[in-house]
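Colleague: Let me give you the structure first, and then I'll get to my questions.
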Amino acid sequence: MEKLLIEGGHSLNGTVQISGAKNSAVALIPAAILADTSVTIDNLPKISDVDILAELLEEIGGKTELTDDTLVINPENMFAMPLPNGRVKKLRASYYMMGAMLGKFKKAVIGLPGGCNLGPRPIDQHIKGFEALGAKVTNEQGAIYLQADELIGARIYLDVVSVGATINIMLAAVRAKGRTIIENAAKEPEIIDVATLLSSMGANIKGAGTNVIRIDGVDELHGCRHSIIPDRIEAGTFIILASAMGDSVLIDNVIPDHVESLIAKLREMGVMIDVADDSVFVRANHNDLRSVDIKTLVYPGFPTDLQQPFTSLLTKAEGSSMVTDTIYNARFKHIDELRRMGANIKVEGRSALINGGPKLQGATVRASDLRAGAALVVAGLMANGITEITGVEHIDRGYSDLENKLKGLGAKIWREKLGEKELSDLKNS
Ligand code: EPU
């Protein structure tokens, strides 16, 4: 196991290239199961979630070949192998194996990861959708069993706007008989990306990116080639980093519309940002930031996945800022760590009140989840002295080459192996 070390206080300059979207990749890879011939996915981020999903496809008989940022998936010999345990439990997004395997084989057994660091993350809406399409769904010893004689299109109203449920129902419905209508669907860009891949495979989907998606089932789907959209959360994280410590930073390969809510808030704080067709240039004003309030919402609102890194930035803004997460009520695990670094933050219910101003101090902190890790990297770059971050495996799950990208901007960041004592402290914690 490793830890990240950051010597804070150095300003960032230069250009950073944004990789393909993690939250698209983790859906597109399972989606390839639905095809009958090879699917090639380009612009993949180099993250451990991608490796695990490729291994899962091998477990069910697929052939995969990952070179650089391209994955070729040959689904010809895949079969409905039950996956109640093992790798499947390593990442939450393996729930997309349910929709894809159900759509292809009319059955699936998928183990679910246990409780997650963001609080309860139910999948009742995914199951409601599968049942509406005609599947029998049971939960036995932590694995979901799905079985259908036939999948038949249905009208499904989501009680909660859910990215995962919207995508999972699309995956199950593209090869169902007849028309499926998903109402109150999520509108995130990753949903459009998945619909684009499925359409290139021959699916008939209309309305992805709006709150009503119509799918006319087809009998067969074929292989295709697809390039993933840029990761708006990685882009947002770098925009926040540049706002915190940048003199002039160009964040390249971005769809600026996808980060509009973030840019609006940063401008409100006094950050100077220029937007071009596919890049964002931050001319930071980082010694004179104003406090702001944010509330996370479904897309196109302020994304919950940027709430944690944004909170770190707010510790630098003079005055009080309020952060409210309406999507996850327990996404505040980074706050104890920020307090260790000297931040003055109070959490009440779904909100955190940040009294910004005093400079953070380097400390030893632990990333409890992916975006908490990003928050600590932002904090470490801002702080005086050295910050040591453990729990790096969470960061490696979702940020492609973070250290090298930061080094390229002039950050002092490196990795070290954990010592014996740190390993035993970790075991006992
Ligand atoms: N929800 C339900 N029932 C369901 C599904 C969701 O009550 O059946 C609730 C959740 O508890 C949550 C809200 O609905 O309060 C939204 O959850 P959603 O289903 O949209 O989240 P998800 O699909 O599980 C994806 C991203 C998350 C991101 C959320 C919200 C992937 C693999 N994950 O999760 O990304 O936070 O959408 O935008 O796409 C991350 O990247 O760090 C991350 C956690």
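Laboratory data are not the source of any read-out in this text; all were calculated from the coordinates shown. This one's a predicted model, so the numbers in the text were calculated from it and none came from an experiment. Reconstructed Cβ throughout: ideal geometry from the backbone, glycine too, with neighbour counts over all protein chains shown.
Colleague: Please give the net charge around Leu57, taking every other residue with its beta carbon less than 15 angstrom from that of Leu57, where Lys and Arg add +1 and Asp and Glu add -1.
Modeller: Local net charge: -4.
Colleague: Nearest 10 degrees is fine. How inclined is helix 163-173 to the longest principal axis of the chain, computing both from alpha carbons?
Modeller: Taking Cα atoms only, the helix is inclined about 20 degrees.
Colleague: Now for a separate question. Taking the alpha-carbon distance from Lys417 and a cut-off under 29 Å, which lysines remain once sequence neighbours fewer than 8 residues away in the same chain are dropped?
Modeller: Lys3, Lys22, Lys46, Lys89, Lys90, Lys333, Lys359, Lys405, Lys407, Lys427
Colleague: Let me ask something additional. If I stretch the segment between Leu353 and Asn139 completely, what's the gain in nm (0.36 nm per residue apart, minus their alpha carbon distance), one decimal?
Modeller: Answer, rounded to one decimal: 73.1 nm.
Colleague: A further question on this structure: So the label point goes 7 Å from the Cα of Phe79 along Cα→C-beta, right? Which residues of the stretch 36-68 then have their backbone N under 12 Å from it?
Modeller: 60-62
Colleague: Using the 10 angstrom Cβ neighbour count as an exposure proxy, how do Leu12, Leu171 rank, fewest first?
Modeller: If I rank by nearby Cβ atoms, fewest first, I get Leu12, Leu171.
Colleague: Once you list every other residue whose beta carbon is under 12 Å from the beta carbon of Ile263, what net charge do they have if Lys and Arg are +1 and Asp and Glu are -1?
Modeller: Neighbourhood net charge equals -1.
Colleague: Now, a different point. What is the set of long-range amide H partners of Ala317 at a cut-off below 5 Å, with H atoms built 1.01 Å from backbone N?
Modeller: HN-HN under 5 Å from Ala317: Gly357.
Colleague: So what J values fall out for the stretch 69-84 if you push phi through Karplus, 6.51 cos²θ - 1.76 cosθ + 1.60 with θ = phi - 60°, rounded to Hz, Gly and Pro as x?
Modeller: In residue order, the calculated couplings are 10, 10, 10, 9, 10, 9, x, 4, 9, 6, 9, 7, 5, x, 10, x Hz.
Colleague: Turning to a different aspect of this structure: For Thr70 and Asn329 in one chain, what is 0.36 nm times their gap in residues minus the Cα-Cα distance, to one decimal in nm?
Modeller: Net length gain for the segment: 89.6 nm.
Colleague: Once the Cβ-Cβ distance between Glu2 and Ser320 is put in as r, and R0 is 30 Å, what FRET efficiency do you end up with, to the nearest 0.05?
Modeller: Here the calculated transfer efficiency is 0.25.
Colleague: Using only DSSP helix segments of four residues or longer, with each worth -39500 (n - 2.57), what per-residue ellipticity at 222 nm results for the chain after dividing by its residue count and rounding to 500?
Modeller: Value at 222 nm, helices only: -10000 deg cm²/dmol.
Colleague: About the Cα centre of the chain, what is the dipole size in debye to 20, counting +1 per Lys and Arg Cβ and -1 per Asp and Glu Cβ, all else neutral?
Modeller: In total the dipole reaches around 940 debye.
Colleague: Give me the percent of DSSP beta bridges within the chain that run antiparallel, rounded to the nearest 5.
Modeller: Of those bridges, close to 70 percent are antiparallel.
Colleague: Taking the Cα atoms of the chain alone, what are Rg (to one decimal) and Dmax (as a whole number) in Å?
Modeller: In order Rg, Dmax, the Cα atoms of the chain give 21.6, 63 Å.
Colleague: Calculated FRET efficiency, Asp274 and Glu150, Cβ-Cβ r, R0 41 Å, to nearest 0.05?
Modeller: E between Asp274 and Glu150, to the nearest 0.05, is 0.15.
Colleague: When the Cα centres of the stretch 105-183 and the stretch 328-396 are compared, how far apart do they sit, in Å?
Modeller: 35
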